[in-house]
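Participant: This structure is in structure tokens; I'll ask about it shortly.
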Amino acid sequence: MTTKHKEQRVGVFVDVQNMYHTAKHLYSANVNFGKILEVAVGERRLIRALAYVVRSQSMEEEVFFEALYNQGFELKIKDLQVFIGGAKKGDWDVGIAMDIMRLSSKLDVVVLVSGDGDFTELLKHVKSFGCRTEVIAFAKSASALLIQEADNFIDLSKYKEKFLFIKTRRTVPLNTDNKKIKRGPRIVRKNNG
């Protein structure tokens, strides 16, 4: 295991779809991407922080994208592909791999925020150039080979209170009879006019 030091140049690459769906499936929660970035970099020198996102046709994600940007991420946005028959695809694996390959010569550390085992060979390749590799993901759903290949692994499952926003339903009084209703999520829509 290699050590961390302040002079290391760090690139953080976040597979947002992978993290979002894993947190939702395992914990019914949202990921605190800002906290992940903070921990990924630590006291080292951040060179790039890229978040790879997919935009649906409804464009409901714009507020979320803006939040990622405000937390320090550069956004790579791809439109969701919808095929005849209804199949959908919004995959960034090749794009993430290409960016890591392009930037690895300018980095000492590549931090991959994903549990996708498709990136295992990429980590091997980046390490052959002398880069330290770190993976941040949920161990329960992350590829064992990916975890093994990384120089360091942070299991988000061990620090749920730090890295997740757990969704809770609040109850509020309905009327003077003290009947309660469950309040669902608040939906904010942009007015395009």
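The values are calculated or read from the model by the stated rules, or taken from the named source; none is laboratory data. Since the structure is predicted, the reported quantities are computational estimates derived from the model, not experimental observations. Glycine also receives a Cβ, built like all others from the backbone with ideal geometry; neighbour counts cover every protein chain displayed.
Participant: When you look at Glu66, is it among the acidic types (Asp, Glu), modelled with pLDDT of 70 or more and exposed (fewer than 13 other Cβ atoms within 10 Å of the Cβ), yes or no?
Facilitator: yes
Participant: Same structure again: Please work out which one of (1) closer than 21 Å to Ala150 by Cβ; (2) free of Cβ contacts under 8 Å to residues at least 40 places away in the same chain is the condition Ser56 fails and give its number.
Facilitator: Failing condition for Ser56: (1).
Every residue, every condition in (1) charged (D, E, K, R); (2) farther than 29 Å from His5 by Cα; (3) surrounded by fewer than 18 Cβ atoms within 10 Å (Cβ to Cβ); (4) under 14 Å from the mean Cα position of the chain (by Cα), yes or no:
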position	(1), (2), (3), (4)
Gly34	no, no, yes, yes
Ala40	no, no, no, yes
Arg44	yes, no, yes, no
Ala49	no, no, no, yes
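Participant: Now for a separate question. Scan region 34-47 and report the pairs whose first residue is closer than 13 Å to Leu156 by Cα and whose second residue is among the polar types (S, T, N, Q) and assigned to a loop (DSSP other than H, G, I, E, B), with Cβ atoms within less than 8 Å and a gap of 6+ or a chain change.
Facilitator: Close Cβ pairs (under 8 Å, with a partner that is among the polar types (S, T, N, Q) and assigned to a loop (DSSP other than H, G, I, E, B)) amount to Leu37/Gln71.
Participant: For region 6-33, give me the residue count where each residue is under 17 Å from Ile154 (Cα atoms) and in a loop (DSSP other than H, G, I, E, B).
Facilitator: Within region 6-33, residues that are under 17 Å from Ile154 (Cα atoms) and in a loop (DSSP other than H, G, I, E, B) number 1.
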